[in-house]
Amino acid sequence: MKRAWLSLSLLCLPLTAAASAPLAEPVRGHGGMVASADTLAASVGVQVLREGGNAVDAAVATAFALAVTHPTAGNIGGGGFLVYRSASGEADAWDFREKAPAAASPEMFLKGGQYDSGRHHDSLLAVGVPGTVAGLHLAWSERGTRPWKKLLVPAIALARDGFVVSDGLARDLAEKLDAFAKHPPTLQQFSRDGKALAAGDRLKQADLARTLTRIAEQGPAGFYAGETARLIAAEMKRGGGLIDERDLLAYRAAKRTPVRGSYRGWEIVSMPPPSSGGTALVQILNILEGYDLAASGFGSALTVHRMSEAMRRAFADRARFLGDPDLNPDVPVARLTSKEHAAEQRATIDDGRASVSSPESFEWAAEPSHTTHFSVIDADGNAVALTFTLEDEYGVKRIVTGAGFLLNNEMGDFNAGPGLTDSTGLIGTPPNLASPGRRMLSSMTPTIAVRDGVVIAPGAAGGRRIINTVAQALVNVIDHGMNVQEAVDAPRIHHQWLPDHILAEDRALSADTQALLSARGHALKLGWDYSSRLQAVLRRPDGTLEGAYDRRSPDGATVSVSPPR
Ligand code: DON
């Protein structure tokens, strides 16, 4: 199925005159397309489109399939965001970010007055009340057209009957065996009697199939009440977690007004708080709009300098201002995303010299490494960008015994504790401290950009790198004339204010570019460890679809309903 409809013919003119012969071709098709980090899940979504479902129907089915076939990040035990734009231009954002349970407190990650990273990231205290099931159901109830139950059928079958483990998944699960072994039911689900599954083995998840069946039959009540809720609460009790049945019953997904911006005539629609993604993305693009990046060129020292200075400023504002809008009523999204704010910030950028991030410097915690993004565009041009996560790979690496799904460790996205900002990696600023019912700040940036009938829906995994990854995808297409596959493939850079350095993938910066950046005063950190994972689908006005998945991951796919005519 992978690259099934790959066509090497040039069907369409590039988006800008600057493009030259492509280095890579996107998958092309029509009648609907899904690009995902997982081939099986993408195929599930496309089947829904083939049967007449719309982009939201396909997204719901793809997301539930990912919870089975891509357990590192696909989930029902975590949360995420869905950004939607209809063909006629209406835009919605659904927030199904996890929430802190009622017993949470800003000091909950301290032990004996000292910060305890294990409590924050690696214990059942790190589990937020999951949002995925409520969010998918809310989006479906407002925009879906196919019966809910039907959308879960493929996921249930994949869990009950099993699926063939890919080489990538086998390697990934093998690496986690020791972590899974701390909780025997988890080891049992993801191994063969404690031995690593091999590529080609079949992975069956019977308890997960039963949980998905309850969700199919009862909707959110099949997760937030009854047997599933009892199983979650029991797991929490056994392992010292805080979530109880009342927290589960109280969980609600939220519909939010998307963040909107513009970039060189493109309309940008993205995720508002509790994600920082859309706000920071629009801020970065607004700053970059004042520069001729096409002229300075992809990967040049001047382009990388300007981009990293824009990123630095957006990330500084992110740390100062952003948090759950329901509990931080003054989150200044309108000001941060204004052209005036960008102009003020651009005026502080010196083309010849790197800025210095704040003197009361503090390091950011290391990025965890898993989340998953997929994009869907249907035959009518409705678009979905959906990013969801368990936070770390396989979340807290513990399934709910008897329910077969992994729990997130998203509470790790809250700040460590009040006033704990220091040079060792802790942050203690108020807008993102744990408190009852609060959603933790995210960087997930599902986005839809539109101009002259061209729609592009990108999004990524990669912690804070997500924001800059989506920004670079758009700049690559809009300024550098790349097609979507080239835009996904192109090496990426990252600056997040603190630590004060540019991270760059291998081959992102030539030796002389590095020298020019160093001469401006930038510290550089190079290596693939800093990668993110990007998926994107683009639709042209004639209905042609072009999709790209990130080849940095082993199991991705872009699948369309039909190959190009
Ligand atoms: O919501 C967030 O921003 C993080 N929990 C996402 C984590 C992530 O992307 C790890 N990924 N590869």
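The values are calculated or read from the model by the stated rules, or taken from the named source; none is laboratory data. What you see is a predicted model, and the numbers here were worked out from it, not measured in a lab. Note that we place each Cβ from the backbone using ideal geometry, even for glycine, and neighbour counts take in every protein chain shown.
Looking only at region 402-420, count every residue that is within 19 Å of the chain's Cα centre (by Cα), part of a loop (DSSP other than H, G, I, E, B) and over 17 Å from R464 (Cα atoms) and tell me the total.
Of the residues in region 402-420, the ones within 19 Å of the chain's Cα centre (by Cα) are 406-414.
Subset that is part of a loop (DSSP other than H, G, I, E, B): 407-409, 414.
Restricting the remaining residues to those that are over 17 Å from R464 (Cα atoms) gives 407-408.
Residues meeting the conditions: 2.
Which residue pairs have Cβ atoms under 6 Å apart, sit 6 or more places apart or on different chains, and have a first residue in region 441-467 that is near the ligand (Cβ under 9 Å from one of its atoms) and a second that is hydrophobic (A, V, I, L, M, F, W, C) and assigned to a strand (DSSP E or B)?
Matching pairs, first to second residue: M444/F81; A460/L534; I466/A460.
Does region 131-138 include one or more residues that are more than 19 Å from A253 (Cα to Cα), assigned by TED's automatic domain parsing to the domain that holds L152 and either of a type outside the set (K, R) or within 16 Å of the ligand (Cβ to nearest atom) (or both)? I'd like the intermediate steps shown before the answer.
So in region 131-138, the residues more than 19 Å from A253 (Cα to Cα) come out as none.
Scanning region 131-138 turns up no residue that is more than 19 Å from A253 (Cα to Cα), assigned by TED's automatic domain parsing to the domain that holds L152 and either of a type outside the set (K, R) or within 16 Å of the ligand (Cβ to nearest atom) (or both).
Being β-branched (V, I, T) and at pLDDT 90 or above is the filter here; which residues of region 402-448 pass it?
Step one: list which residues in region 402-448 are β-branched (V, I, T), which gives 421, 424, 427, 429, 445, 447-448.
Within region 402-448, T445, T447, I448 qualify.
Here is a list: D555, D500, D489, D506. Which entry is modelled with pLDDT of 95 or more and among the charged types (D, E, K, R)?
Values: D555 fails: modelled with pLDDT of 95 or more; D500 fails: modelled with pLDDT of 95 or more; D506 fails: modelled with pLDDT of 95 or more.
After ruling out the rest, the residue left standing is D489.
Is one or more of the residues making up region 221-228 at pLDDT 95 or above, in a loop (DSSP other than H, G, I, E, B), in the same structural domain as A403 (by TED's automatic domain parsing) and among the small types (G, A, S)? Before the answer, list the steps.
Of region 221-228, the ones at pLDDT 95 or above are 221-228.
Then drop every residue that is not in a loop (DSSP other than H, G, I, E, B), which leaves 225.
Checking the rest, the ones that are also in the same structural domain as A403 (by TED's automatic domain parsing) come to 225.
With the extra rule that they be among the small types (G, A, S), the set shrinks to 225.
Among the residues of region 221-228, at least one is at pLDDT 95 or above, in a loop (DSSP other than H, G, I, E, B), in the same structural domain as A403 (by TED's automatic domain parsing) and among the small types (G, A, S), which makes the answer yes.
Of everything in region 367-406 that's near the ligand (Cβ under 9 Å from one of its atoms) and of a type in the set (V, I, T), which residue is nearest to A93 (Cα to Cα)?
T387
Under 8 Å between Cβ atoms, at least 6 apart or on separate chains: pull out the pairs that start in region 110-124 with a residue that is within 13 Å of L420 (Cα to Cα) and end on any residue that is basic (K, R).
L110/R119
Take the conditions closer than 20 Å to G462 by Cα, crowded, with 23+ Cβ neighbours inside 10 Å and away from the ligand (no atom under 16 Å from the Cβ) and apply them to M307. Does it pass? Walk me through it before giving the result.
Numbers: closer than 20 Å to G462 by Cα: yes; crowded, with 23+ Cβ neighbours inside 10 Å: yes; away from the ligand (no atom under 16 Å from the Cβ): yes.
In short, yes.
For N409, are the conditions met, namely being within 16 Å of the ligand (Cβ to nearest atom), closer than 18 Å to P273 by Cα, out of contact with any strand residue (DSSP E or B) (no Cβ under 7 Å at 6 or more places or on another chain) and not charged (D, E, K, R)? Steps first, please.
On the way: within 16 Å of the ligand (Cβ to nearest atom): yes; closer than 18 Å to P273 by Cα: no; out of contact with any strand residue (DSSP E or B) (no Cβ under 7 Å at 6 or more places or on another chain): yes; not charged (D, E, K, R): yes.
No; evaluated as a whole, the condition is false for this residue.
Can you list the strands (runs of 3 or more DSSP E) found entirely within region 451-565 that contain at least 3 residues being among the polar types (S, T, N, Q)? So that I can check it myself, show each step before the final result.
Numbers: elements: 454-461, 502-504, 524-526, 533-539, 545-548, 557-562.
Because the criterion is at least 3 residues that are among the polar types (S, T, N, Q), the strands (runs of 3 or more DSSP E) in region 451-565 that meet it are 557-562.
What is the residue count in region 88-115 for residues that are over 20 Å from T445 (Cβ atoms), crowded, with 18+ Cβ neighbours inside 10 Å and more than 16 Å from the ligand (Cβ to nearest atom)?
Final tally of qualifying residues: 5.
What tally of residues in region 327-354 results from selecting those that are crowded, with 16+ Cβ neighbours inside 10 Å and either modelled with pLDDT of 95 or more or not assigned by TED's automatic domain parsing to the domain that holds I287 (or both)?
Restricting attention to region 327-354, the residues satisfying the condition of being crowded, with 16+ Cβ neighbours inside 10 Å are 327-328, 331, 333, 336-338, 341-342, 345-346, 349, 354.
Still in the running and either modelled with pLDDT of 95 or more or not assigned by TED's automatic domain parsing to the domain that holds I287 (or both): 333, 336-338, 341-342, 345-346, 349, 354.
Residues in region 327-354 being crowded, with 16+ Cβ neighbours inside 10 Å and either modelled with pLDDT of 95 or more or not assigned by TED's automatic domain parsing to the domain that holds I287 (or both): 10 in total.
Condition check ((1) in contact with a strand residue (DSSP E or B) (Cβ under 6 Å, 6 or more places away or on another chain); (2) surrounded by fewer than 19 Cβ atoms within 10 Å (Cβ to Cβ); (3) among the β-branched types (V, I, T)) across all residues:
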| site | (1), (2), (3) |
| --- | --- |
| A179 | no, yes, no |
| T186 | yes, no, yes |
| Q189 | yes, no, no |
| K204 | no, yes, no |
| T211 | no, no, yes |
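Considering each of S262, S270, S276 in turn, give the residue that is surrounded by fewer than 24 Cβ atoms within 10 Å (Cβ to Cβ) and under 24 Å from the mean Cα position of the chain (by Cα).
On the way: S270 fails: surrounded by fewer than 24 Cβ atoms within 10 Å (Cβ to Cβ); S276 fails: surrounded by fewer than 24 Cβ atoms within 10 Å (Cβ to Cβ).
Within the list S262, S270, S276, the selection yields S262.
From I215, I268, I287, grab the single residue that is hydrophobic (A, V, I, L, M, F, W, C), assigned by TED's automatic domain parsing to the domain that holds V455 and in a helix (DSSP H, G or I).
Numbers: I215 fails: assigned by TED's automatic domain parsing to the domain that holds V455; I268 fails: in a helix (DSSP H, G or I).
Of the residues listed, the single one that is hydrophobic (A, V, I, L, M, F, W, C), assigned by TED's automatic domain parsing to the domain that holds V455 and in a helix (DSSP H, G or I) is I287.
Can you name the condition, by its number, that T228 falls short on among (1) farther than 21 Å from T211 by Cα; (2) surrounded by 23 or more Cβ atoms within 10 Å (Cβ to Cβ)?
(1)
What number goes with the only condition from (1) in the same structural domain as G323 (by TED's automatic domain parsing); (2) away from the ligand (no atom under 16 Å from the Cβ); (3) touching a Phe, Trp or Tyr at 6+ places or on another chain (Cβ under 9 Å); (4) among the hydrophobic types (A, V, I, L, M, F, W, C) that L420 does not pass?
(1)
Search region 426-440 for residues being within 14 Å of the ligand (Cβ to nearest atom) and outside any loop (DSSP other than H, G, I, E, B), and hand back the single one that is nearest to I284 (Cα to Cα).
Here the answer is N432.
Name the single residue, out of those in region 321-338 being part of a helix (DSSP H, G or I) and touching a helix residue (DSSP H, G or I) at 6+ places or on another chain (Cβ under 6 Å), that is nearest to P272 (Cα to Cα).
Of the residues in region 321-338, the ones part of a helix (DSSP H, G or I) are 321, 333-336.
Of the ones still in play, those that are also touching a helix residue (DSSP H, G or I) at 6+ places or on another chain (Cβ under 6 Å) are 333, 335-336.
Numbers: V333: 8, R335: 13, L336: 12 Å.
Taking the candidates together, the pick is V333.
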